[in-house]
Amino acid sequence: MHDIQIKTERLLLRPLKITDAEDVFEWVSDERVSRYMVYTTYTNIEQVRKWLAFVENDASTYNFGFERMLDGKLIGSGDIGFNPSKGSWGFGYNFRYDCWGMGYATEAAKAMINYARTNFGARKFASSHCEPNIASGNVMRKCGLHFVGYGKFEKLDGSVKMRSMEYEGEI
Ligand SMILES: CC(C)(COP(=O)(O)OP(=O)(O)OC[C@H]1O[C@@H](n2cnc3c(N)ncnc32)[C@H](O)[C@@H]1OP(=O)(O)O)[C@@H](O)C(=O)NCCC(=O)NCCS
């Protein structure tokens, strides 16, 4: 687990903890949020605790909880990590539904990218989203990435397959 904390105008990006399970469950159990994520909609909080335990020991990726500084509420999570096979840094994010459309994803993604640039010398970034997930593409463009082509999206359990839109950027 890392101990990185990043402050933006409205958010505190900090490590996820097992005690975040109830807050996380609120959005990972919401089909509107999980639809275009690789995970399938969570149905009980134990599954979230297992995932958080995995994240705590995952050295390959920097996972963050996104805490709204105004009231300390955890409203989303995301990650950034180096992908050796691609030679670039990948990132992702998801937010509870009632917090969409307020610029939070752009704010969090830019903060993770800036942190990786400054502290790890990261320059090449890549990410992708399911074709219908226009909002996510907007976030990627606002972070300085550009569309490079179509790819394939598949949920971890193989239950959903669809076309993805791939983005890259040297920032
Ligand atoms: C994708 C997601 C993270 C976007 O979060 P957000 O905080 O609403 O994004 P932002 O507010 O930063 O919006 C970024 C841009 O997309 C636009 N946008 C937001 N929702 C949109 C929508 N439904 N359709 C089209 N554009 C949209 C915003 O207007 C903004 O552009 P603008 O600044 O030019 O107005 C959020 O919808 C989410 O959590 N979805 C479920 C999980 C998910 O799909 N994650 C991404 C997987 S690749």
note = Surpassing 19 Å at the alpha-carbon level, of the pairs LYS50/LYS161; LYS86/LYS142; LYS110/LYS155; LYS110/LYS152; LYS73/LYS155; LYS110/LYS142, are LYS50/LYS161; LYS86/LYS142; LYS110/LYS155; LYS110/LYS152; LYS73/LYS155
note = Quick calc: nm separation of the 7 Å Cα→Cβ label points for VAL160 and LEU70 -> 2.8 nm
query = From largest to smallest, what semi-axes in whole angstrom does the stretch 6-122 give when each is the square root of 5 times an eigenvalue of its alpha carbon gyration tensor?
reply = 22, 18, 14
inquiry  = What whole-number distance in Å separates the alpha-carbon centres of the stretch 5-83 and the stretch 125-171?
reply    = 19 Å
task = For the stretch 101-118, take each phi angle, set θ = phi - 60°, evaluate the Karplus expression 6.51 cos²θ - 1.76 cosθ + 1.60, and give the result in whole Hz per residue in order, putting x for glycine and proline.
result = x, 10, x, 5, 5, 4, 4, 5, 5, 4, 5, 5, 4, 4, 5, 5, 5, 5
task = Mind sorting ASP30, ASP20 by how few other Cβ atoms lie within 10 Å of their own Cβ, fewest first?
result = ASP30, ASP20
request  = Quick one: order HIS129, HIS146 by neighbouring beta-carbon count within 10 Å, fewest to most.
outcome  = HIS146, HIS129
ask   = If we count other beta carbons within 10 Å of each Cβ, what is the order of ILE18, ILE80, ILE6, fewest first?
value = ILE18, ILE6, ILE80
note = Per-residue ellipticity at 222 nm attributable to helices in the chain (runs of n ≥ 4 DSSP H, -39500 (n - 2.57) apiece, nearest 500 deg cm²/dmol) works out to -8500 deg cm²/dmol
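Every number here is computed from the coordinates shown, using simple stated rules; none is lab data. Just so we're clear, the structure is a prediction, and the values are computed from it rather than from any experiment. Note that we place each Cβ from the backbone using ideal geometry, even for glycine, and neighbour counts take in every protein chain shown.
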